[in-house]
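Read the structure below first, then the notes.
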Amino acid sequence: MSSNEFQTLGISAPVLKAVQNLGYEQPSPIQAQSIPILLGGKNLLGTAQTGTGKTAAFALPLLSNIDPQQKTPQILVLTPTRELAIQVAEAFQSYAKHIKGFNVLPIYGGADIGGQLRGLKRGAQVVVGTPGRMLDHLKRKSLNLSQVKSLVLDEADEMLRMGFIDDVEMILSKTPAESQRALFSATMPAAIKRVADKYLGDAQQVRIQSKTQTVERIKQQYITVKAHQKMDALTRVLEVEQFDGMIIFVRTKSSTVDIADRLQARGFSSAPLNGDLSQAIRERTISKLKRGQVDVVVATDVAARGLDVERISHVINFDIPYDNESYVHRIGRTGRAGREGNAILFITPKETRLLRSIEKTTKSTIAPLTMPSNAQVSDQRIQQFTEQLSKTLETPRLDKFREMIVKYVEENDLDMADVAAALTYENQKERPLFPKLDNIVAPRQESSGKNRDRDRNRDRDRDGKNRDRKGKDNFSKDSNSRNPRAKSERIVRDEEGNVVPMMTYRLEVGKNDSVEPSNIVGAIANEADISSQFIGQIILHDEYSTVDLPGGMPDDVFKTLKKARVRSKALNISIDKGGDNTAPSNRSPRPKKGPKKVRSGDGDGDSAPKRKSVKSDGTAPLKKKKKTYTKKDKKK
Ligand code: AMP
C-alpha cells in the first residue's frame, strides 16, 4: 500500500507527485472522505480540527482542478489568523510544487499592503487570507473575485469567535454564486450552521466519527512540545524511559528513515518501517525487533498495522494520529500478552483539542509527562554505566589490565581515582555522563485531566457570570464562548503564570458603528499580532469603546493599531483618560505598573516610556526578559 491511495481518490498527476515526494503514505480519514467530494465540484461541510490533515483535504482536490494559465484567483481560502494564512499558503505551495506557473498569495493584516498589491497584480491562482485584509483589497478593487471557482472557510468557528463572520459573509456574497464552497470547523455552533445553510446549500457533510474504546493495561502520558523540539524531546524520553522494545509512530515515510537514522546516531539501535520498503526488509526488521537486535522501530500506521511483538513496552506517538481510532490501534501495539504497556503522545500546543478528544474516546485520562531534565538524563546514564562497570569487574581476564594500570600509576606517581576518572571520561566520550543536551525549555504542561475540568468549569462560570453582570447588549450571542470582557474579571497571566499588567485604551469606534466586542478582538489580534488571551475587558459606548491590553505597548504596535479598521472605521487607539470628551492622545501610553522603562527612540521629545518592538527584542511589560504577548512569539 502506498500513496497510490491518493491516486485512487483521483487527484491530478502533479499534485500526486508532490504528495509522494512529501512522503505521505495514505490519506487521513478526513482526506479520504473530502477529496472525492471536492474533486466532484460539490460543496462540503467538514467537522475537523488542526492535526487531522484538513489542509490537504481541501488543497489537494482544489489544486487538481485549477487552470495554471489563468492568473486571477481561482481558489480563495479565508482563515481567522495570519499564522494560519501563512501555513495554508505554504501547504498549497508544497502541494503545487510540480504545477508550472503556479502562484499562491497570502494576504493578511499587519503586513505591508504594497507587497500584496504587487502580488495580486502579478497574479495568483490561490489567495489565502484573513477576512479584514481581503475586504480591504476588495474595496481597493485590487482583488478580483469574478473567476473564483472554489472558496474555503478554514477554522470557521475561530472566525466567528474573532468577530469576522460579517466580513466572511460579505466576501462570500462577492464570490460567484455558482462557485464551489467548503467550510471546515472544529465545532458547529448555530451561527456557523446558519452561514452554511445560506451559502453552502446542499453541502455534503464530513466528520470523523469515533467509537469509544477502552485501553486497559496501558499507561498513557503526553508531553507538550513545539514541533522543532520534538527530536530533542524524543532523545530525552528515550534516555530516561526504561524500555525493552519501542515503536515510534510518525506520519511520513521519509520521517521513519530520518528519525531512525538520527536515533541510530544517538546510540539507539533503530530501524525504519514504512510502506516503501520491500516485504522482505519489513519482515527482517520485525524479526530483529522480536529478537532484540533492534530496539526501536520508527513506523507509519500502514507499515505497523497488526504488528504483534511482545517485547514492545513503549509506543511513542511522535506525530499525533489523525483520528482517535488510529490512536487506539497504535497504542495497542504495546501491552501485548498480558504485559504492561506505556504510551507517550507528543502534542504541539495547537493539537490540545485532539488530546481531549482522544481522552474522551478512550475514556481515560492521559497524564502530563514532564520533559526529562539534563539531571535525569545524567542520572540514568550514570546508572547504566555503573551497572556495566560492575559486570565488567566480574570478568575473569582483567589481570593483565590491572598489572598494566598499577605499573602506570606507580611510574607516574598518580592517584588511582584520577586514572579511573580519565578512563571513564574516555570511555563515555560518545555518551557523556554529564551531558549538555540542547537546552529545551519545557513548554508549560497542559493542566492534568482534573485541572482541565476545573479550568473548564471556571471558564463556564466566568462566561455565565459575565453575561449576567454586564448585560447582553454589549456582546454578540456568539462571543459568549470566549467573551472578551471576561478577561478583565480575572487576572491576566502569561504562559509562565506571571501577572500581566493591563491598561485601558480608547478606540474611536462604538455601538453607533455597529461594532461588537468580537470585531475588536479580531482586529487587535490580527493587526497587532497580540494573542487574544491578552485582550481584556471591552466596553462599548455609543461613540467609542475601551479595551484593556497589556501595558507598555511598543510604538510600532501602537501605530499599527491606530490605523487598524473595524467596520471601515480606524480604531485610532489612544490611552484612555476616562470620560467621553477626552481627546485621543497621540502618545504611546504609559503602562499602569511594573514595566521596565525604555526611552522613546523616535526623537519626538515624548518622554513617555516606550519599548522596543516586541517582535525584535522580545521586551515586554514585565520584569522578565523575552516575554511577549504576540501570537508569533507564543508559537516559537
Ligand atoms: P493539518 O491538520 O492540515 O494542520 O495537517 C497536520 C499535518 O499533517 C501537516 O504537517 C501535514 O503536512 C501532515 N499531513 C497531512 N496529510 C498527511 C498525510 N496524508 N500523510 C502524512 N502527513 C500528512
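The values are calculated or read from the model by the stated rules, or taken from the named source; none is laboratory data. Keep in mind it's a predicted model, so treat the numbers as computed, not measured. Methodologically, a virtual Cβ is constructed for each residue, glycine included, from the backbone with ideal geometry; neighbour enumeration extends over all protein chains shown. When the accessible area is computed, the model is the full protein with side chains, heavy atoms only, and any ligands, DNA or RNA have been set aside. Shrake-Rupley method; radii C 1.70, N 1.55, O 1.52, S 1.80 Å.
In table form, for the structure just shown:
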{"quantity": "Yes/no for LYS121 being surrounded by fewer than 22 Cβ atoms within 10 Å (Cβ to Cβ), away from the ligand (no atom under 16 Å from the Cβ) and part of a helix (DSSP H, G or I)", "calculated": "yes"}
{"quantity": "Of all residues making up the stretch 61-96, the number that are hydroxyl-bearing (Ser, Thr, Tyr) and away from the ligand (no atom under 14 Å from the Cβ)", "calculated": "2"}
{"quantity": "Lone unmet requirement of (1) within 20 Å of the chain's Cα centre (by Cα); (2) closer than 17 Å to THR8 by Cα for GLN33", "calculated": "(1)"}
{"quantity": "Hits in the stretch 505-522 (condition: open to solvent by less than 10 Å² (accessible area, probe 1.4 Å) and within 25 Å of GLY552 (Cβ to Cβ))", "calculated": "TYR505, LEU507, VAL509, PRO517, ILE520, VAL521, GLY522"}
{"quantity": "Evaluation of SER254 against (1) open to solvent by 30 Å² or more (accessible area, probe 1.4 Å); (2) part of a helix (DSSP H, G or I); (3) closer than 22 Å to SER378 by Cα (one fails), failing number", "calculated": "(3)"}
{"quantity": "Matching residues, the stretch 225-241, being more than 16 Å from the ligand (Cβ to nearest atom) and in contact with a strand residue (DSSP E or B) (Cβ under 8 Å, 6 or more places away or on another chain)", "calculated": "ALA233, LEU234, VAL237, LEU238, GLU241"}
{"quantity": "Unique match (being in a loop (DSSP other than H, G, I, E, B) and not small (Gly, Ala, Ser)) among VAL509, VAL521, VAL547", "calculated": "VAL509"}
{"quantity": "Conditions (1) open to solvent by 30 Å² or more (accessible area, probe 1.4 Å); (2) in contact with a Gly (Cβ under 8 Å, 6 or more places away or on another chain); (3) among the β-branched types (Val, Ile, Thr): number failed by VAL547", "calculated": "(1)"}
{"quantity": "Cβ-Cβ under 6 Å pairs, at least 6 apart or on other chains, the stretch 87-115 side β-branched (Val, Ile, Thr), far side assigned to a helix (DSSP H, G or I)", "calculated": "VAL88/THR55; ILE99/PRO14; VAL104/ALA89; VAL104/PHE92; VAL104/GLN93; ILE107/GLN116; ILE107/ARG133"}
{"quantity": "All positions within the stretch 10-60 that are open to solvent by less than 10 Å² (accessible area, probe 1.4 Å), farther than 23 Å from GLU178 by Cα and more than 9 Å from the ligand (Cβ to nearest atom)", "calculated": "VAL15, ALA18"}
{"quantity": "Tabulated pairs, the stretch 372-391, first on the phi < 0 side of the Ramachandran plot, second open to solvent by less than 50 Å² (accessible area, probe 1.4 Å) and of a type in the set (S, T, N, Q), C-beta under 9 angstrom, 6+ apart or interchain", "calculated": "PRO372/GLN380; VAL377/THR235; ARG381/GLN428; PHE385/THR424; PHE385/GLN428; LEU389/THR424"}
{"quantity": "Scope the stretch 250-268; condition of a type outside the set (Gly, Ala, Ser) and within 10 Å of the ligand (Cβ to nearest atom); matching residues", "calculated": "VAL250, ARG251, THR252, LYS253"}
{"quantity": "Residues of the stretch 415-437 classified as open to solvent by 60 Å² or more (accessible area, probe 1.4 Å) and hydrophobic (A, V, I, L, M, F, W, C), total", "calculated": "4"}
